[in-house]
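*Asks:* Below is a structure I'd like to ask you about.
The values are calculated or read from the model by the stated rules, or taken from the named source; none is laboratory data. As the structure is a computational prediction, the values presented were derived from the model and not from experiment. We place every Cβ from the backbone using ideal geometry, glycine too, and count neighbours over all the protein chains shown. Note: areas computed on protein heavy atoms with side chains; ligands, DNA, RNA excluded. Shrake-Rupley method; radii C 1.70, N 1.55, O 1.52, S 1.80 Å.
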Amino acid sequence: MSGVRFPPAPLSFLNSLFPLNLVVDIGNTLFKAAFFKNKSLKLFVSGKTVKDLINNKQFISLLKKTESVIYSNVSKQNIQELLKLLPKKARCFAVEKNIKLPITINYQNKKTLGTDRIASAVGALSKYKGHLLVIDIGSCIKYNIISDKREFLGGAISPGLQMRFNALHQFTGKLPLLKLTKHKVPVLGKDTKSNLQSGVINGCISEINYFIDIFEQQYRKRLTIVVTGGDASFFIKHIKRKVFLQPRLIILGLNEILNYQLEK
């Protein structure tokens, strides 16, 4: 009958049409996992090992209802203990060389490209348009350039802040082991501690701003800058350009990749 309009379906009904997705990001420092209904985040948990997730009652409750799972692993940790707890009907995908992606990878050796970098690029493209610079500030600092044609072009990797502190302590005889301070660090240090803090923290700040400038010069475009990673919230206030903070960018990207597999 023409002219008849039906009311929109309630959100709870629409959510029931989508399977429960589990995405797992195994980084060098943390084990992170999230449950999604389509693109709606239901639960996010993290821990140092897979056992930290398994001991979470909410996590286990949703795990039993999971229909699809995807994981990215850039560490030496084993995920098999977690996968054994999945329902038998659950479909499992690993982000590896043969997986289908919603982006093009323009990289000399695709096999060596970190799956976390792929996921962060996909996550950024799900929220922003144009030429993108994704900066992941965690155990390492990763710079990823993605074109407006949804093409991963490459970037750079350097040691993260804590890795730099660790190296200075480990490879010298007397320098102390320091951690990130939330206080402002002067460029001119007056003792060993403040000298180390200035060199590492101000060095990272200068490096990040340098890469932003050099990439914009190279591509002759004003890039949309997306920042993620465990130390991102500290560094964004020191970046000269406007940036978008996305703490769970890899998690979002993994869910996009998983939904892409299910659609295909």
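*Asks:* Restricting the search to the stretch 50-86, which residues are in contact (Cβ under 8 Å) with a residue 24 or more places away in the chain and farther than 26 Å from V122 by Cβ?
*Replies:* Those that are in contact (Cβ under 8 Å) with a residue 24 or more places away in the chain and farther than 26 Å from V122 by Cβ: K51, I54, I60, E81, L85.
*Asks:* Which pairs have Cβ atoms under 6 Å, sit 6 or more apart or on different chains, and link a residue in the stretch 228-254 that is within 18 Å of I205 (Cα to Cα) to one that is charged (D, E, K, R) and crowded, with 23+ Cβ neighbours inside 10 Å?
*Replies:* What qualifies is T228/D136; G229/D136.
*Asks:* Still on this structure: So which helices (runs of 4 or more DSSP H) stay within the stretch 36-137 end to end and still have 3 or more residues that are open to solvent by 20 Å² or more (accessible area, probe 1.4 Å) and over 30 Å from I205 (Cα atoms)?
*Replies:* Output list reads 50-54, 57-63, 80-83.
*Asks:* Right, something else. Can you tell me which residue in the stretch 200-245 is farthest from the chain's Cα centre (by Cα), limited to those that are among the polar types (S, T, N, Q) and closer than 23 Å to S46 by Cβ? Before you say what the answer is, go through the steps one by one.
*Replies:* As a first pass, look at the stretch 200-245 and keep what is among the polar types (S, T, N, Q): 202, 206, 209, 217-218, 224, 228, 233.
In the following step, the residues that additionally are closer than 23 Å to S46 by Cβ were identified as 228, 233.
Values: T228: 6, S233: 14 Å.
Ranking the candidates gives S233 first.
*Asks:* Restricting attention to the stretch 246-264, and to residues there that are open to solvent by 60 Å² or more (accessible area, probe 1.4 Å) and over 11 Å from the mean Cα position of the chain (by Cα), which single residue is farthest from V23 (Cα to Cα)? Give the steps one after another, and end with the answer.
*Replies:* Quick first cut of the stretch 246-264, residues open to solvent by 60 Å² or more (accessible area, probe 1.4 Å) only: 247-248, 263-264.
Then drop every residue that is not over 11 Å from the mean Cα position of the chain (by Cα), which leaves 263-264.
Numbers: E263: 16, K264: 18 Å.
This residue is K264.
*Asks:* Does F31 fit the bill of being among the aromatic types (F, W, Y), in contact with a strand residue (DSSP E or B) (Cβ under 9 Å, 6 or more places away or on another chain) and modelled with pLDDT under 90?
*Replies:* On the way: among the aromatic types (F, W, Y): yes; in contact with a strand residue (DSSP E or B) (Cβ under 9 Å, 6 or more places away or on another chain): yes; modelled with pLDDT under 90: yes.
Answer is yes for this residue.
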